[in-house]
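The structure appears below as structure tokens.
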Amino acid sequence: MEREKFLKSVYCALIGIAHGISRERNIKIQIMIGFGIIVLAYFLAISKIEFIIIIIMAFLVPSFELVNTAIEKLIDRIHPDFDTKIGRVKDIMAGAVLLIVFLSIIVGLLILFVPFMTAIHLL
């Protein structure tokens with residue numbers, strides 16, 4: 001019985017991810033960029049720990065976007081009318097996503113810039 005509950009939970013989580021990807025443009029873009037960066041990192045032959053960090057950052061951005069989307073959908077369902085205070089909550093969540101995007105860009109540049117420039121013979 002416990003295994004069935006666990007499998008149902010995993011199934012529901014996968015449905016949630018698929019729903020977010022299929023309906024949210026930003027998540028699609030973030031996943032495509034993340035995948036591209038992971039592929040680039042693989043071919044640049046960076047260290048294992050750096051590669052792990054790149055993977056974590058690539059998953060963190062769309063994960064935050066999924067949380068942001070879920071909170072926005074919940075807020076819209078609970079309070080469909082415009083409200084400036086509720087708008088602030090949405091802005092704060094969007095800001096959290098933006099901070100994670102900035103973090104991932106900084107981390108990506110710190111890890112990948114020199115290997116990339118070396119690979120294209122500019123350093």
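The values are calculated or read from the model by the stated rules, or taken from the named source; none is laboratory data. These figures come from a predicted structure and were not determined experimentally. Glycine gets a Cβ as well: all are built from the backbone with ideal geometry, and neighbour counts include every protein chain shown.
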Total residues in region 37-55, condition part of a helix (DSSP H, G or I) and in contact with a helix residue (DSSP H, G or I) (Cβ under 9 Å, 6 or more places away or on another chain): 11
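Quick one: which of 46, 33 is under 17 Å from residue 107 (Cβ atoms) and touching a Leu at 6+ places or on another chain (Cβ under 9 Å)? It would help to see each step written out before you state the result.
On the way: 33 fails: touching a Leu at 6+ places or on another chain (Cβ under 9 Å).
46 is the lone residue from the list that is under 17 Å from residue 107 (Cβ atoms) and touching a Leu at 6+ places or on another chain (Cβ under 9 Å).
Here is a yes/no grid of residues against (1) closer than 25 Å to residue 95 by Cβ; (2) surrounded by 12 or more Cβ atoms within 10 Å (Cβ to Cβ):
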| residue | (1), (2) |
| --- | --- |
| 7 | no, no |
| 28 | yes, yes |
| 33 | yes, yes |
| 40 | no, yes |
| 44 | no, yes |
Residue within region 79-92 that is β-branched (Val, Ile, Thr), out of contact with any Pro (no Cβ under 6 Å at 6 or more places or on another chain) and at pLDDT 95 or above present: yes
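Results for (1) touching a residue at least 12 places away in the same chain (Cβ under 8 Å); (2) over 17 Å from the mean Cα position of the chain (by Cα); (3) surrounded by 11 or more Cβ atoms within 10 Å (Cβ to Cβ), shown as yes or no for each residue.
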position	(1), (2), (3)
55	yes, no, yes
62	yes, no, yes
72	yes, no, yes
78	no, yes, no
101	yes, no, yes
112	yes, yes, yes
117	no, yes, yes
122	no, yes, no
For residue 37: the one exception among (1) β-branched (Val, Ile, Thr); (2) closer than 20 Å to residue 26 by Cα; (3) without any contact (Cβ under 8 Å) to a residue 60 or more places away in the chain: (3)
Long-range neighbours under 6 Å by Cβ, at least six apart or interchain, first residue in contact (Cβ under 8 Å) with a residue 40 or more places away in the chain and assigned to a helix (DSSP H, G or I) within region 1-20, second of a type in the set (Ser, Thr, Tyr) and surrounded by 10 or more Cβ atoms within 10 Å (Cβ to Cβ): 20/69
Test: residue 85 is more than 15 Å from the chain's Cα centre (by Cα), of a type outside the set (Val, Ile, Thr) and part of a helix (DSSP H, G or I): yes
Condition met for residue 90 (out of contact with any Lys or Arg (no Cβ under 8 Å at 6 or more places or on another chain), without any contact (Cβ under 8 Å) to a residue 12 or more places away in the chain and either more than 23 Å from residue 14 (Cα to Cα) or of a type in the set (D, E, K, R) (or both)): no
